[in-house]
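Shown next, in C-alpha cells, is the structure this report addresses.
Bear in mind that the values in this text are calculations on the coordinates, not laboratory data. The structure displayed is predicted, hence computed values, not measured ones. Note: ideal-geometry Cβ built from the backbone for every residue, glycine included; neighbour counts use all protein chains shown.
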Amino acid sequence: MILLTFNITNIEAEAKSGVQITDEERLKIIEDNTKAILRILDIHDIKASFFVEISLTGKLQNLIKAISSKGHEIAFYNQNSNPEEIEIAKKNIQDLLEKQIRGIRQKDVKVPQENLKMLEFNYVSNIDNANILFPFKRLKRDTEITEEDGLSIVPESISPYSQLPYNDFVFQILPMKYYQNMVLETLQNEEFVLIYLNVWQFTDFKKYRFDIPFYRSLFSGKKMEDKLDALLKFINEKELAVSRMKDYIF
C-alpha cells in the first residue's frame, strides 16, 4: 500500500535581500501550489492525505473545503501549537467539514501523546528534519505501525535496500526511475510506503525569490509537478494500491 501525503505549511525562509514577499503572497503561493497538486491527483484519480499546519487552518478554509470535497483526507500538522490551540482548530475544521479530523503530524515540537488522545486524534505521523545530510544520519528504524496510549503511531518509511527515507528531500532530489524502483523494492518487504511532500516544494523560486539553500531549489516548482505526475502514472500502470492514511489505519 502507498500512503501519499502532503504537508501544507508556510515557507519559513525569508525573502532574498531587496525583495519583499507579503503574508498574503505566501498564502497565495500555498493555494496555487495545492491546486496544482489537486489537478495532478484528479488526472490520475488518486486520493491523498493533506496535513494542514494548525496556524493556517483559519486562513485556508476555502482551500481546505476544496481538498475535502475532492475526497482527500484533511489532517493536522503541528508546528508549534499548544493543546488548547489544537483543540480550537480541530473543532472549527470539523464544524466546517462536518467530518472528524483523525490524524496529526509533528516534527520539531511534539505534544504528548496522552494530550493528543484526549483531543480525540486516532493516529500520529511524526517526521524528522530532512536536509542534505539527513539520509546518511539514520540507517535503520522501525517501519511497522504500533499502538501507544490508544493512538496508532505511523513511522516514516525507509527503503530496506538503499536505506533512504521517503521524505520530501529524497523525492525532490532522486531521479524518478531510481525512486520508482525503490518503491517497488520496499513494497516487496513492507506492508506500506509512506511518502510525504511539502506543498512549498512546488513553488517557482525564480518567480518568488526566497532565500533558501541551493539544494532545496533544485527540481522545485514545475519540475516537482512533473515528478509527481510521473510517480502517479507509474503507480497506476503498476496497479499499486493507494490509500488515505485514515482508511489504511482503520
> Excluding F219 itself, what net charge comes from residues whose Cβ is under 15 Å from its Cβ, given Lys and Arg +1 and Asp and Glu -1?
Replying inline: +1
> Which far-off residues, 5 or more places away or on another chain, put their amide H under 5 Å from the one on L164, with H placed in the peptide plane?
Replying inline: S159
> Where does each of 206-213, 28-35 land if you order them by average Cβ count within 10 Å, highest first?
Replying inline: 28-35, 206-213
>> From the phi angles alone, apply the Karplus equation (6.51, -1.76, 1.60; θ = phi - 60°) to the stretch 25-39 and give each ³J(HN,Hα) in whole Hz, x where the residue is Gly or Pro.
In response: 5, 4, 5, 5, 4, 4, 5, 5, 5, 5, 5, 5, 5, 4, 4
> Which ³J(HN,Hα) values, rounded to whole Hz and listed in residue order, are derived for the stretch 157-172 from phi using the Karplus coefficients 6.51, -1.76 and 1.60 in 6.51 cos²θ - 1.76 cosθ + 1.60 with θ = phi - 60°, glycine and proline given as x?
Replying inline: 8, 9, 5, x, 9, 7, 6, 8, x, 9, 8, 4, 5, 5, 4, 5
>> Could you give the length gained by full extension between E25 and K91, i.e. 0.36 nm per residue of separation minus their alpha carbon distance, to one decimal place?
In response: 21.0 nm
> What aspartates and glutamates sit close enough to K107 to cross-link, taking a C-alpha to C-alpha distance under 16 Å and skipping anything fewer than 8 places away on the same chain?
Replying inline: E12, E53, D128, E156, D168
>> Taking the alpha-carbon distance from K233 and a cut-off under 16 Å, which lysines remain once sequence neighbours fewer than 8 residues away in the same chain are dropped?
In response: K47, K177, K223
> When we measure straight from the Cα of K222, which aspartates and glutamates land under 14 angstrom away, once same-chain ones fewer than 8 places off are left out?
Replying inline: D32, D204
>> Based on alpha-carbon centroids, what's the gap between the stretch 48-119 and the stretch 3-33 in Å, whole number please?
In response: 18
>> Can you tell me what share of the DSSP beta bridges in the stretch 2-249 is antiparallel? A percent to the nearest 5 is fine.
In response: 15
> Given H placed on each backbone N at 1.01 Å, which residues far from L194 in sequence or on other chains put an amide H within less than 5 Å of it?
Replying inline: L3, S157
>> Give me a comma-separated list of calculated 3J(HN,Hα) values for the stretch 68-73, in order, Karplus coefficients 6.51, -1.76, 1.60 applied at θ = phi - 60°, integers in Hz, x for any Gly or Pro.
In response: 5, 5, 8, x, 8, 7
>> Using amide H atoms built in the peptide plane, which far-off residues or other-chain residues are under 5 Å from V242 H to H?
In response: I2
>> With the cut-off at 19 Å, tell me which of the pairs K28/K246; K35/K246; K70/K246; K35/K65 have Cα atoms farther apart than that.
In response: K28/K246; K35/K246
> Counting Lys and Arg as +1 and Asp and Glu as -1, each charge on the Cβ, what is the dipole of the stretch 2-249 about the Cα centre in debye, to the nearest 20?
Replying inline: 740
>> Quick check on the chain: helices-only [θ] at 222 nm, where DSSP H runs of length 4 and up contribute -39,500 (n - 2.57) each and the sum goes over total residues. Nearest 500, please.
In response: -11500 deg cm²/dmol
> Going highest first, how would you order 101-109, 36-44 by mean Cβ packing within 10 Å?
Replying inline: 101-109, 36-44
> Semi-axes of the equivalent ellipsoid of the chain: what are they in whole Å, largest first, if each equals the square root of 5 times a C-alpha gyration tensor eigenvalue?
Replying inline: 24, 24, 18
>> Sort 155-163, 189-197, 143-151 by packing, meaning the average of other beta carbons within 10 Å per residue, with the highest value first.
In response: 189-197, 155-163, 143-151
